[in-house]
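Structure, as structure tokens:
The values are calculated or read from the model by the stated rules, or taken from the named source; none is laboratory data. If you're wondering where the values come from, they're calculated on a predicted model, not measured in any experiment. Every residue, glycine among them, receives a Cβ derived from its backbone with ideal geometry; neighbour counts consider all protein chains shown.
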Amino acid sequence: MSSFHIFAKNLITMKNIFTLLFVVLMSIAATAQNTKPQPMTQEEFEALCPTPPMGWNSWNKFGCDVNEQLLMGAADAMVASGMKEAGYEYIVVDDCWQIDRDADGNIVCDPERFPHGMKYVADYIHSKGLKFGIYSCVGAYTCAGRPGSMGHEYQDALFYARTGVDYLKYDFCNNRGTNSKTAYTIMREALKEAGRPIVFSICEWGSTKPWEWGKGIGHLWRATGDIINMWDGREDWGGHGMVNIIDLVQDLYPYNGPGHWNDPDMLEVGNGGMTTIEDQSHFSMWCMLAAPLMAGNDLGNMSDDTKRILTNKDVIAIDQDSLGIQAHLSVAMGDRQIWVKQLANDEWAVCFFNRSETEWNLNFNWNDIPEIRATGDNYKVYDLWQHKTIAKSTKKNVVNNIPSHGVLMVKLTPEK
């Protein structure tokens, strides 16, 4: 073969190599372009949470004792227990999953508790048809002393997006006097820039009245200090019993609605600090308040009563009503209260709440509830815990014996 032919052959081979290299480089460039986050608009962000979020959070029961087996087991139990079918969807790990930052400032999860990394956990939870939530904090350190997000907001938001996070609980510890609205706005912008739909839970304990500024910044905001696992009481560090929480959010109903929810903190149902009757009242009132329903118990070890309470679809439907209206206290008779919540389709939810230490021998005229009297309508009365119609007309008094710390919770449907 002549030198010319050898040269020509090599030229053709080199051309093929350069062509192949060009195609590979263009493919890489196209892939990089396609995977670049597409920032969310403010309208897209605000539309992420039209009804109060429902799920489970690790903190109330397990505190810092979290690991990947716990979270994946909670996902399994949420499906097996019927909670997923009832509407629960988020598995949220609270504080203590993170342990450090690397040399580049990237957040590092605890390698002993999460040996496969957080994306492995997120992928497993997603495989169950559920969503994954995570925790961080405004400060440089979280409430448990782990790395917070101060100065790393955009870096952390990208980590959440790449991990597959669907929900962020963002605490307010060690904030160094930071303005709360500013701090939460920064993280909101970081989440939008990261491009993944992530529900944003503001957790600054109601200390700076987030109901006045939180709409459009977060999807829900803690309106109170932490709940404690008891009916009534308060701890020096700021914890509140269940009925104390209700008192704190009682007048906040004007600020509640689709995409912006008052959060009276997570549920203590099934954690043993209250009786079954009190747990049922706790769940009833959270649903009347259109509150986020974040279970806080051991999902893998639930009693039949706990499961019955948490999966009551009739009561959950009141919480998830499309109008998103928080109930208000309509009639107060000392420790005996009547709460009213307007629903879609001209329906109403009414909760007779007996906070007293004695049974309430109820014999009450429906027209003494101003909201019901004002409609002039007659209603069929459906008991949401007995799952049956208890009266076909509100022309007669409602008669019932409500135990101490118990409720009668009903739905009123206009009679045609």
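Condition (residue is closer than 14 Å to PHE132 by Cβ and charged (D, E, K, R)) applied to the range 40-51: is it met by at least one residue? No: the range 40-51 contains no residue that is closer than 14 Å to PHE132 by Cβ and charged (D, E, K, R).
Restricting attention to the range 327-363, the residues being in a loop (DSSP other than H, G, I, E, B) and closer than 21 Å to GLU278 by Cβ number 8.
Per the conditions (1) at pLDDT 95 or above; (2) of a type in the set (Gly, Ala, Ser); (3) not assigned by TED's automatic domain parsing to the domain that holds ALA291, the sole criterion not satisfied by SER58 is (3). The single residue among SER322, SER330, SER393 that is hydroxyl-bearing (Ser, Thr, Tyr), in contact with a strand residue (DSSP E or B) (Cβ under 8 Å, 6 or more places away or on another chain) and within 27 Å of LEU252 (Cα to Cα) turns out to be SER330. The conditions of being surrounded by fewer than 23 Cβ atoms within 10 Å (Cβ to Cβ), in contact (Cβ under 8 Å) with a residue 40 or more places away in the chain, more than 27 Å from GLY225 (Cβ to Cβ) and of a type in the set (Val, Ile, Thr) are not met by THR178. Inclusion of LEU158 among residues that are of a type outside the set (Phe, Trp, Tyr), farther than 21 Å from ASN57 by Cβ and outside the structural domain of PHE353 (by TED's automatic domain parsing) is warranted.
Here ASP247 passes the criteria (1) within 21 Å of TYR90 (Cα to Cα); (2) in a helix (DSSP H, G or I); (3) not hydrophobic (A, V, I, L, M, F, W, C) except the one numbered (1).
For every residue, the table says whether it meets (1) more than 23 Å from TYR154 (Cβ to Cβ); (2) in a loop (DSSP other than H, G, I, E, B); (3) of a type in the set (D, E, K, R).
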| site | (1), (2), (3) |
| --- | --- |
| GLN38 | no, yes, no |
| CYS49 | no, yes, no |
| GLY73 | yes, no, no |
| ALA77 | yes, no, no |
| ILE99 | no, no, no |
| LYS119 | no, no, yes |
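Kindly provide the set of residues from the range 220-241 that are assigned to a loop (DSSP other than H, G, I, E, B), within 19 Å of the chain's Cα centre (by Cα) and either closer than 16 Å to LEU289 by Cβ or not assigned by TED's automatic domain parsing to the domain that holds MET187 (or both), ordered by number. Residues satisfying the conditions are ALA223, THR224. Can you pull out every residue in the range 318-333 that is surrounded by 16 or more Cβ atoms within 10 Å (Cβ to Cβ) and closer than 20 Å to ASP346 by Cβ? Scanning the range 318-333 gives ILE318, ASP319, GLN320, ASP321, GLY324, ILE325, GLN326, ALA327, HIS328, SER330. Out of everything in the range 144-175 that is assigned to a loop (DSSP other than H, G, I, E, B) and within 24 Å of PRO52 (Cβ to Cβ), what residue ends up being nearest to the chain's Cα centre (by Cα)? Here the answer is ASP166.
Given the criteria in a loop (DSSP other than H, G, I, E, B), in contact (Cβ under 8 Å) with a residue 40 or more places away in the chain, surrounded by fewer than 22 Cβ atoms within 10 Å (Cβ to Cβ) and of a type outside the set (Val, Ile, Thr), does ASN297 qualify?
When the stated conditions are applied, ASN297 does not pass them.
Could you tell me which residue of the range 335-347 is nearest to ILE318 (Cα to Cα), considering only residues that are under 24 Å from the mean Cα position of the chain (by Cα) and surrounded by fewer than 21 Cβ atoms within 10 Å (Cβ to Cβ)? If we take residues in the range 335-347 being under 24 Å from the mean Cα position of the chain (by Cα) and surrounded by fewer than 21 Cβ atoms within 10 Å (Cβ to Cβ), then LEU343 is nearest to ILE318 (Cα to Cα).
Among the residues of the range 270-279, is any touching a helix residue (DSSP H, G or I) at 6+ places or on another chain (Cβ under 7 Å), surrounded by fewer than 17 Cβ atoms within 10 Å (Cβ to Cβ) and over 21 Å from ASP171 (Cβ atoms)? So far as the range 270-279 goes, yes, one or more of its residues are touching a helix residue (DSSP H, G or I) at 6+ places or on another chain (Cβ under 7 Å), surrounded by fewer than 17 Cβ atoms within 10 Å (Cβ to Cβ) and over 21 Å from ASP171 (Cβ atoms).
All conditions in (1) surrounded by 20 or more Cβ atoms within 10 Å (Cβ to Cβ); (2) within 30 Å of LYS36 (Cα to Cα); (3) under 15 Å from the mean Cα position of the chain (by Cα) hold for PRO197, with the sole exception of (1).
Among the residues of the range 379-416, the ones that are in contact with a Lys or Arg (Cβ under 8 Å, 6 or more places away or on another chain), of a type outside the set (S, T, N, Q) and surrounded by 15 or more Cβ atoms within 10 Å (Cβ to Cβ) come to 7 in all.
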